Each structure stands twice: as structure tokens, then as C-alpha cells.
């Protein structure tokens, strides 16, 4: 089935980046089974990744206002390994489970820094003993943007919501370290994005 025929809240960005993310995460997917995605949006990443790696058991999640469209997309995909999406607020509301992979894309610069800290503070308890945390999106390094377009994007984000903005890699690194996560890869991706892969140290 062509995804354009049914997708709600369709994202061109997801369509552009899903294949290259899938290729880079293939080794992680091979070592994972139960996956939690934070901020699934339209569910396009979940659908694409599970079509390519059908052994994954994928749990989509998002805030309440996005759940109806996400649920319709997952149901229409007819992929049994994607379970019905759940409501998840990183500040307060986490499932009582552990996952071999927690994945999020284009979310850290949308949420507030307090929410970013809350997300990381939950990773240790919700990852299996050698589980992975992977996040995709733009980052600053040594307080500098990697491109002028990212700097412009950061200004746009902050004009829309002063609590949002592109995060400093060094701050994220320290938050991960506090959760016993070791950085495995920092992969430069198209459109001035990065794919960060951490693994929990047992």
C-alpha cells in the first residue's frame, strides 16, 4: 500500500530521511526487539523501519493531540509488529516496561530543556541492561551551529516557542553519561542533522 494513500499528518522530512536513518541503524535494529519511539508523529518512521526489519516489536507514542491520526496510520499500515500507540509525556507518563531500543527523531529541539532532562532521566530505568538510545536531529557543537540554516532554524524555533531550540551536544552528552549511557556513534546526516547512538553500560 502506498503510504500517501492513507497517512495523516504526512511529513516530507520523514519521507526524506527515513531510508538513510534505517540504513545507519541496521546494526542496532539487528540487536533489538522491543522498541519504544518517543514523539512518533505520523508514524512514518515506525512503518518504514518495521517493513524493513519485521522482527522489531515497535511501540509508538506521542502526546494526546497527535494520537488519533497516529493510531489511524498504524492501523492502516496493517503491520502487526507495530502495537497501538500510547500517550507519553516525557515529564510524567512512562510505560512500566524496559526496551532494547528507545528511539526519537526531531524532538529534542521541540521540547523544553526541562523536558529533555526528564526524557534522559528515565532512560536508565526503561532500557534493558545493554539497550540502545538513538536520537536524530540538529545539534550545536561547542556552542556553535553546524550551518547557517541551522542557526536560522534555531531562531525560528525560539520565536515560536522560547523554550525550544537546537541543543548543545555537550549538554546532551553529559545527560546521557549520568544515565550510564556510552556514546557509540555520532553520525553526520543529510540536511545538517546528526544521528546519535548510545548504549547502556551494564
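Among the numbered criteria (1) assigned to a loop (DSSP other than H, G, I, E, B); (2) more than 23 Å from residue 41 (Cβ to Cβ); (3) under 17 Å from the mean Cα position of the chain (by Cα), which one does residue 146 miss?
Every listed condition holds for residue 146 apart from (3).
Those residues that are out of contact with any helix residue (DSSP H, G or I) (no Cβ under 7 Å at 6 or more places or on another chain) and surrounded by 15 or more Cβ atoms within 10 Å (Cβ to Cβ), I need them from the range 125-150; list them, please.
If the condition is that a residue be out of contact with any helix residue (DSSP H, G or I) (no Cβ under 7 Å at 6 or more places or on another chain) and surrounded by 15 or more Cβ atoms within 10 Å (Cβ to Cβ), then 126, 127, 128, 131, 135, 137 are the ones that fit.
Quickly run through the range 42-55 and pick out the residues that are in contact (Cβ under 8 Å) with a residue 40 or more places away in the chain and part of a loop (DSSP other than H, G, I, E, B).
43
What number goes with the only condition from (1) within 12 Å of residue 62 (Cβ to Cβ); (2) more than 14 Å from the chain's Cα centre (by Cα) that residue 88 does not pass?
For residue 88, the exception is condition (2).
Sort out which residues of the range 56-76 are part of a helix (DSSP H, G or I) and buried (at least 21 other Cβ atoms within 10 Å of the Cβ), and write them in order of number.
Those that are part of a helix (DSSP H, G or I) and buried (at least 21 other Cβ atoms within 10 Å of the Cβ): 70, 73, 74.
From the list 158, 140, 182, which one is modelled with pLDDT of 95 or more, farther than 18 Å from residue 103 by Cα and assigned to a strand (DSSP E or B)?
140
Checking the structure you have, find out if any residue of the range 108-124 is in a loop (DSSP other than H, G, I, E, B) and closer than 24 Å to residue 26 by Cα.
Yes, the range 108-124 has at least one match.
The values are calculated or read from the model by the stated rules, or taken from the named source; none is laboratory data. The shown structure was predicted, so the numbers you read here are calculated from the model rather than taken from an experiment. Note: ideal-geometry Cβ built from the backbone for every residue, glycine included; neighbour counts use all protein chains shown.
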